[in-house]
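So the structure is just underneath, and the comments pick up after that.
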């Protein structure tokens, strides 16, 4: 394998991993507050079509991003009202949200299947983008990829360095204690769920506007579920979520290249590879039981009644 | 109790209306035709082509027919329910347009002995069930000629769904077409193990382009390969539908399915009471396979050669699987002067010379 192909695989892996980065980091914040939202796939789909409509109507990426994030957050709001205000079961509500999202996005997208978007140009930074290897690898992506890195930095800082992050983790760990300390558990969880929805929506926008600039029903194709799994297997640590997302993207790309080179491994096995490899790697790096207990939100998925 | 009585009354009214409706329906002697689609119609792809066929039939037969379609019907028990509902509500001819509808169609056929069914891509027929599909490999052969002439790297990329005979037949026909004009051609195949996943289709196309393919074609259902080719500045040959608006520069042509004539003929036969269950396998000659308009970048001599070959297929002087054909190991699989029979075509399980890689087992 020559070096150029290797760089191309890495560049493609970063792009392929980016939808997972957005959706999984959003879900990470939601779960850190103690809420399990299984509706990521649905929120991504609704975000994708809303972003697509925004882009098609305005031609502006910013409008597309805002539309997608708002739509994702609105979907999450439905989930939040059901589970946080009406105390419905989180697992069932999340599954219902996905089913709803699949249908709603198909309906919203009825008139948009025939439109092709121009896509999002890759940034060309003078000098930096022209550096061999490094320039291609680091400085030749579109803006949505860079903003996902900014998001990652922000989440690391927020969770582990800011007071608000500490409160969020406290709410996920021991909602009763947080309540006793005077924090509005339900309110904080609302915000966390809405943030998760907005990020899932943004992941959808990336897919429909930048990655494959078109709209077709069901185009998220299970990526929301992969994002959910990444959060759990990464034991709720942002850096591991990132590593998992790029690893998954990288192996997906690499297995196509292996096929193209005619290396004799059954393609069915290769298609499984991203899932298996990502799970194995993340389980290995997260195998420390103490660390899992430390990082998994103790009240995850449990309904919280403020008055009990 | 008053509410209860009201309910009874309204149920009665509804029943009367339904009875009235069905009476008026049977009074008009229109042929009611139902279509069952596997996916939404959308703007390109398998189901879109079937729906174009339905619309063409409506146009041809005017008020002699009335059609209805149900889209997005999953294969399995749900399909049986949908087909049965159509039969029950007065649809006398029902087209079921996906391979997995085969057994549901046969089951419903047993319950409704007077209804006629046409199942697409299946191999089982019954007293009132016929099958139909297209010799799309003829179109593949022609697009292979275009690809073989337009490539500079002599490497063609093929994004494929599942390693089944139908898909392998297409890969081989494409390769043979390309090799007929350019013996040095190599075809790289990447299996995405999905009929429809735009993300994966894009990733596979990217990998093929990175490995030197400068013409991309696909046997999957989305427009992603064409979009990716446009973005990366290489050529694309689409499948199912004309996808030129997704890649005005990249899109050279496409092998498309055309069902209008078949649907019109079949409906007319039912109207005339001459319908018989048949296994129809029609191609370019019958107008079931057509190429999308050529991109202006394709030189006139290539267009002429494709046209000549197309005429040859129609008059029988050209067959895509015309011997001698060698498989990958160089062994002769079709001897000189022979062509493959339909049965051999339907069970194809090997790559011809020029395709790289092995068929996943």
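The values are calculated or read from the model by the stated rules, or taken from the named source; none is laboratory data. Bear in mind that the values here come from a model prediction, so they are computed numbers and not experimental data. Every residue, glycine as well, gets a Cβ built from its backbone with ideal geometry; the counts of neighbours run over all protein chains shown.
So which residues in segment B:242-266 are in a loop (DSSP other than H, G, I, E, B) and surrounded by fewer than 24 Cβ atoms within 10 Å (Cβ to Cβ)? Once the filter is applied, which keeps residues that are in a loop (DSSP other than H, G, I, E, B) and surrounded by fewer than 24 Cβ atoms within 10 Å (Cβ to Cβ), segment B:242-266 yields B:242, B:248, B:249, B:258.
Residues in segment B:313-325 include none that are surrounded by fewer than 16 Cβ atoms within 10 Å (Cβ to Cβ), part of a strand (DSSP E or B) and either modelled with pLDDT under 95 or in contact with a helix residue (DSSP H, G or I) (Cβ under 6 Å, 6 or more places away or on another chain) (or both). Applying the criterion of at least 1 residues that are at the interface with another protein chain (Cβ under 9 Å from one of its Cβ atoms), surrounded by 24 or more Cβ atoms within 10 Å (Cβ to Cβ) and in contact with a strand residue (DSSP E or B) (Cβ under 9 Å, 6 or more places away or on another chain) to the helices (runs of 4 or more DSSP H) found wholly in segment A:178-266 leaves A:238-260.
For segment B:234-267, a residue qualifies if it is without any contact (Cβ under 8 Å) to a residue 12 or more places away in the chain and within 14 Å of chain A (Cβ to nearest Cβ), and exactly one does: B:245. When the test is whether a residue is within 13 Å of another protein chain (Cβ to nearest Cβ) and either outside any helix (DSSP H, G or I) or surrounded by fewer than 24 Cβ atoms within 10 Å (Cβ to Cβ) (or both), residue A:11 passes it. Look through A:42, A:51 and report the one residue that is more than 13 Å from the chain's Cα centre (by Cα), at pLDDT 95 or above and in a helix (DSSP H, G or I). A:51 is the lone residue from the list that is more than 13 Å from the chain's Cα centre (by Cα), at pLDDT 95 or above and in a helix (DSSP H, G or I).
Evaluation of residue A:284 against the conditions (1) surrounded by fewer than 16 Cβ atoms within 10 Å (Cβ to Cβ); (2) away from chain B (no Cβ under 14 Å); (3) outside any helix (DSSP H, G or I) shows that the sole unmet condition is (3). The requirement of being more than 14 Å from every other protein chain (Cβ to nearest Cβ) and either under 15 Å from residue A:301 (Cα atoms) or in contact (Cβ under 8 Å) with a residue 24 or more places away in the chain (or both) is not satisfied by residue A:17.
Exactly one of (1) touching a strand residue (DSSP E or B) at 6+ places or on another chain (Cβ under 6 Å); (2) within 14 Å of another protein chain (Cβ to nearest Cβ) is unmet by residue B:168. Its number? Evaluating residue B:168 over (1) touching a strand residue (DSSP E or B) at 6+ places or on another chain (Cβ under 6 Å); (2) within 14 Å of another protein chain (Cβ to nearest Cβ) leaves (1) as the failure. Hey, could you check segment B:202-226 for residues that are within 20 Å of residue B:47 (Cα to Cα) and within 8 Å of chain A (Cβ to nearest Cβ) and say which is modelled with the lowest pLDDT? The selected residue is B:222. Strands (runs of 3 or more DSSP E) fully within segment B:79-145 that include at least 1 residues being surrounded by fewer than 24 Cβ atoms within 10 Å (Cβ to Cβ): B:129-134. Taken together, the residues in segment B:171-201 that are facing chain A (nearest Cβ under 8 Å), closer than 24 Å to residue B:306 by Cα and crowded, with 24+ Cβ neighbours inside 10 Å amount to 1. Among the conditions (1) away from every other protein chain (no Cβ under 13 Å); (2) closer than 24 Å to residue B:349 by Cα; (3) touching a residue at least 60 places away in the same chain (Cβ under 8 Å), residue B:158 misses just one, which is (1). Residues that are without any contact (Cβ under 8 Å) to a residue 12 or more places away in the chain, more than 13 Å from chain B (Cβ to nearest Cβ) and not in a helix (DSSP H, G or I) are absent from segment A:30-38 altogether.
Take the conditions (1) under 30 Å from residue B:241 (Cα atoms); (2) within 14 Å of chain B (Cβ to nearest Cβ); residue A:140 misses just one of them, which is (1).
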